[in-house]
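The values are calculated or read from the model by the stated rules, or taken from the named source; none is laboratory data. Nothing here was measured: the structure is a model prediction, and the numbers come from that model. Don't worry about glycine lacking a Cβ; one is built from the backbone with ideal geometry, like all the others, and counts go over all protein chains shown. Quick note on the areas: whole protein, heavy atoms, side chains included, nothing else; ligands and nucleic acids left out. Shrake-Rupley method; radii C 1.70, N 1.55, O 1.52, S 1.80 Å.
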Amino acid sequence: MTQVVHTRAELAEARAGLKGTVGVVMTMGALHSGHETLLRAAREQADHVVVTVFVNPLQFGPNEDFDRYPRTLDADLEVCRRAGADLVFAPSVADMYPEGQPRVRLDPGPLGAELEGASRPGFFHGVLTVVLKLLQLTRPDLAFFGEKDYQQLTLVRRMTRDLDVPVEVVGVPTVREPDGLALSSRNRYLGEPERAAALSLSAALRAGAQAADDGLDAGAVLTAAHAAFGAGTPGARLDYLVLTDPELEPGPVAGPARLVIAAWVGATRLIDNAAIHLAPRP
Ligand code: PAF
């Protein structure tokens, strides 16, 4: 049975009743099959699964989609029940931030100002602050995050290491539509032509990965990825397409690497990424 709680007091009581290991899946709701994969991973690896559903105002800029972000709690609870979650914590903003916006926020460091952080100032301060609060409130052994939000996953891992937060962070591979589009709650904003243009992101990643598999160097991998992005259905506007090391530090010339991309499709910002392996240079 899935228990649903809305306040910290209810959460504390329900959490105290969970014996054995606990895995948490943090979400902003609007759950899709990508989240179901996170829930399944948690179900397999922990004795109990706790899901949080909270649209965190701290991580939205003044001109972003906080007000129109999809809120679908009834459908989300159905997904949680189907996936066998033990406990769902769906607090109000007032319950999470009883004294209003917190004056103290986590500083994500230099990586927090790059890639997504460059386009969305303050975004990762808001993400890490709520993630740390939710870790304190749910006290999990394991926390599951999707690789789709790779910079978030990297920063959460970094935060738990740097601040000695006693939790194991588990990254879960991105779930894609059959045509390659990475699942995202924001995909529901896309109309028909935008949906087609959005495929430019995954096409760029596929082309980059193929070029790396063919033994091409970092420059050629990026060239192939840019070309595939440009060849897609018009309508996607590139923000960045970058090759980095697996920790999102400046790009390696050989070995494991990450190709990360962000683009606007109409008013919707989409991100995606892929692991690639650059052949050793002669
Ligand atoms: O990935 C998300 O949905 C959010 O950034 C998270 C981790 C739930 C924090 O609000």
Worksheet entry | Label point at Ala94 placed 7 Å out along Cα→Cβ; residues across segment 57-71 whose backbone nitrogen lies under 18 Å | 57-58
Fill in: Relative contact order of the chain, pairs being alpha-carbon contacts under 8 Å that are 6 or more residues apart, as %
16 percent
Worksheet item: Summing +1 for each Lys or Arg and -1 for each Asp or Glu, what net charge is found among the other residues whose Cβ lies under 12 Å from the Cβ of Leu259?
Response: 0
Discussion item. Residues of segment 155-179 with the amide nitrogen closer than 17 Å to a label point 7 Å from the Cα of Asp245, along Cα-to-Cβ, please.
Written reply: 155, 157-159, 162
Practice prompt. Work out from phi, with θ = phi - 60° and the Karplus expression 6.51 cos²θ - 1.76 cosθ + 1.60, the ³J(HN,Hα) of each residue of segment 122-139, listed in order in whole Hz, and give x for Gly and Pro.
Written response: x, 4, 6, 4, x, 5, 5, 5, 6, 5, 5, 4, 5, 5, 5, 6, 9, 6
Discussion item. Starting from 0.36 nm per residue, how many nanometres of slack lie between Ala75 and Asp164 once their C-alpha separation is accounted for?
Written reply: 28.5 nm
Discussion item. For Val172, what residues show an amide H to amide H distance below 5 Å, using hydrogens built from the backbone and excluding near sequence neighbours?
Written reply: Phe145, Gly146, Glu147
Discussion item. Please state the shape class of segment 213-278: rounded when a/c is under 1.5, otherwise prolate if a/b exceeds b/c and oblate if not, all from the C-alpha gyration tensor.
Written reply: oblate
Fill in: Inter-probe distance in nm under a simple model that places probes 7 Å from Cα toward Cβ, at His32 and Ala12
3.7 nm
Worksheet item: How large is ³J(HN,Hα), in whole Hz, for each residue of segment 11-17 in order, when computed from phi with the Karplus curve 6.51 cos²θ - 1.76 cosθ + 1.60 and θ = phi - 60°, using x for Gly and Pro?
Response: 5, 4, 5, 5, 5, 5, x
Response to the item:
For segment 28-75, the accessible surface attributable to carbon and sulfur atoms (probe 1.4 angstrom, ligands and nucleic acids excluded) amounts in percent to 48 percent
Worksheet item: Can you list the residues, at least 5 places off or on another chain, whose amide H is less than 5 Å from the amide H of Thr52, using H built in the peptide plane?
Response: Val25, Met26, Thr27, Phe89
Fill in: Per residue, in Å², the accessible surface of the chain once ligands and nucleic acids are set aside, probe 1.4 Å
46 Å²
Practice prompt. Grab the other residues whose beta carbon is less than 13 angstrom from that of Ala9, score K and R as +1, D and E as -1, and report the net.
Written response: -1
Worksheet item: Can you list residues whose amide H is under 5 Å from Val4's amide H, if they're 5+ apart or on another chain and H is modeled 1.01 Å from N?
Response: Val88
Worksheet item: For segment 167-240, what % of the accessible area comes from carbon and sulfur atoms, probe 1.4 Å?
Response: 55 percent
Discussion item. Just to confirm my numbers, what's the Cα centroid distance between segment 27-87 and segment 124-139 in Å?
Written reply: 15 Å
Worksheet item: For the chain, what is the calculated [θ] at 222 nm in deg cm²/dmol (nearest 500), taking -39500 (n - 2.57) for each run of four or more DSSP H residues and dividing by its residue count?
Response: -11500 deg cm²/dmol
